[in-house]
Every structure is written in structure tokens, then in C-alpha cells.
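A short reminder: the numbers here are calculations on the coordinates, not readings from a lab. The model shown is predicted, which means the values in this text are computed figures rather than measured ones. All Cβ positions, glycine included, derive from the backbone under ideal geometry; neighbour counts span all protein chains shown.
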Amino acid sequence: MRLLALALIAALAACGGGAPAPEVSSRSVSTLSLPFGDYEPHPWTGRAPWHYNVHGVDVSKWQGDIDWQRVRGSGVSFAFIKATEGGDHLDDRFAQNWRAAGAAGVPRGAYHFYYFCRTANEQAEWFIRNVPKERGAMPPVLDMEWNHKSRNCPQRPGAEVVRAEMQVFISRVSRHYGQTPVVYTTPDFFHENELWRLPKVAAFWLRSVAAHPSVIYPGQEWRFWQYTGTGMVPGISGKADINAFGGSPGQWQAWLAQHRL
């Protein structure tokens with residue numbers, strides 16, 4: 001893979017996350033000033049999640065009933081809410097979460113989980129049919145990962161096919177909402193499909209629960225970092241995904257102003 005980029009691992013070159021943080025001893029998020037905890041805390045060292053000041057959540061029906069006022073009061077600055085999957089699945093709690101998060105004043109965007117047994121156009125149309133084009137909303141999100149648990153769709157197309165399908169979905173959704181989607185992905189999917197070759201996207205939202213993104217995705221710019229799937233967030237019962245925005249509060253407000261619908 002990109003040998004030059006891999007050579008940056010030792011240097012931990014700065015990516016979308018801003019300036020490097022000082023070295024920190026192993027601690028869990030729950031012991032710090034952040035209002036969040038973790039049921040299974042990772043022993044972070046170096047540039048850890050608490051270096052960032054802007055944090056958010058991503059949710060689906062699996063989080064059950066959410067007290068969005070309490071979530072907002074805890075310091076959550078944004079939320080990605082699951083809307084659709086494939087060409088015919090709508091998350092059972094999308095409408096409820098979308099309305100309630102908006103009423104609580106939480107900036108939110110809807111995400112689509114990509115399914116490799118439906119065409120990109122079908123999936124884009126399904127997303128558009130179910131997600132309102134609402135002024136002030138965050139840009140849509142395309143969730144790209146291998147679904148290892150799927151019995152109905154075990155397909156794993158080649159990298160060129162994957163990127164081509166992504167571009168069809170991104171183009172169609174961009175035309176409708178007037179904003180280019182954010183792309184969420186995981187380490188294996190990103191590297192196997194060479195997603196750094198994608199044309200411009202609104203931002204990358206990268207999963208990395210055991211190391212800083214600069215280690216797992218060397219050289220890749222990013223804006224959102226999903227750093228745990230076992231988080232504790234006031235207003236959400238059970239485990240929650242927590243994310244950091246890779247920038248200062250001022251940079252967050254500027255990014256939000258530029259990318260809102």
C-alpha cells in the first residue's frame with residue numbers, strides 16, 4: 001500500500017485532528033473531564049479522545065428510547081442517526097430520533113448503511129425517500145463496511161467496483177441535498193478498497209477503537225473519529241458509539257456552518 005504514507009506511522013503525522021496532544025498515561029475516558037464513560041475502556045496513550053473538545057454520538061434502533069434533552073445537556077455536540085439500509089430497510093426509530101434530536105437542538109445527520117446486493121441508484125433513492133431535506137441538518141452519511149453477519153448478502157465486490165458504486169450513491173444524494181455526503185468506514189474496508197482514491201467527499205468519519213486514526217489510517221485526512229462502541233452517555237441506556245470531531249470548537253462551528261443543508 002502507500003509506502004510513503006505508511007512511513008508516517010512512526011512520526012504520527014498530523015491529520016484532520018489538529019495539533020498533536022502531549023503524551024498521556026493510560027487512562028479511561030470515564031476518569032477525565034469529559035461527561036462520558038466507557039463500559040470497556042481502552043488504555044489510551046498518546047493522542048487520545050480527550051484531546052478533542054467536540055464530541056458526538058451515532059445511534060440506531062438498538063439504543064432504544066433516548067432522552068435527547070439529557071444527551072444535549074451532557075455536552076454532545078452532534079449526532080449521526082441511522083436512517084436506511086439497502087433499498088428497502090428503514091430504521092424503526094429513525095423518525096423518532098430525528099424529530100427528538102432536532103427538538104433538543106442537537107445538530108444531526110442521517111446515515112445509510114450500504115448493502116452490496118442492491119444497486120447504488122436504488123439505495124440512493126430509498127435514502128432520499130425517507131430522509132427529509134431539512135434546512136440546518138448536517139450532510140448525509142454513507143456507511144461503508146463489510147457486513148460479516150449478513151446471510152442474505154455475502155458479496156464482497158472488488159475495490160474498483162466498490163468505489164464506483166460509492167460514487168454513484170454520492171453523486172445522486174449530493175444532487176438532492178445540495179451537500180456531499182460524509183463517508184464512514186472501518187480500517188479493513190478502507191484499506192482493502194483503497195478509499196483514499198475516492199474523489200472529494202465532505203469528510204471521512206473513521207472508526208478506530210484501539211489507536212489514534214493517524215496510526216490506523218496514516219496520512220489520511222479526517223473530520224470524525226469513532227473511538228468507542230461501548231461508551232456511556234447520559235440519556236442513552238446501554239452501550240453507545242462516541243465520536244470526536246478533529247478540530248477546535250471554533251473549527252467545528254465553521255465546518256458545521258459550511259456543510260449544513
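Counting only whole DSSP H helices of the chain, the ones at least 24 Å long by C-alpha along their axis and with mean Kyte-Doolittle hydropathy no lower than -1.0 are 159-177.
Sort 38, 67 so the one with the fewest other Cβ atoms within 10 Å of its own Cβ comes first. Don't jump to the answer; show the numbers that get you there.
On the way: 38 21, 67 15.
Lowest to highest Cβ neighbour count: 67, 38.
Based on Cα contacts under 8 Å between residues 6+ apart, the range 168-261 shows a relative contact order of 21 percent. DSSP bridge analysis restricted to the chain gives an antiparallel fraction near 40%, rounded to the nearest 5.
Net charge around residue 100, counting only other residues with Cβ within less than 12 Å of its Cβ (Lys, Arg = +1; Asp, Glu = -1)?
Local net charge: +3.
Think of it as helices only: each DSSP H run of n ≥ 4 in the chain is worth -39500 (n - 2.57), and spread over all residues that comes to -7500 deg cm²/dmol at 222 nm. Taking Cβ atoms as reference points and 14 Å as the exclusive limit, the residues near residue 160 contribute a net charge of 0, counting Lys and Arg as +1 and Asp and Glu as -1.
Normalised by the number of residues in the range 52-259, the mean separation of alpha-carbon contacts (under 8 Å, six or more apart) gives a relative contact order of 24 percent. Gain on full extension, evaluated as 0.36 nm per residue between residue 95 and residue 221 minus their Cα-Cα distance, stands at 42.2 nm. Just add up the charged neighbours of residue 209: K/R +1, D/E -1, any other residue whose Cβ is under 15 Å from the Cβ of residue 209. Once positives and negatives cancel, what remains is -3. At an R0 of 25 angstrom, the distance between the Cβ atoms of residue 67 and residue 134 translates into a FRET efficiency of 0.70. Of the beta bridges in the range 70-213, as assigned by DSSP with both residues counted there, near 10 percent are antiparallel.
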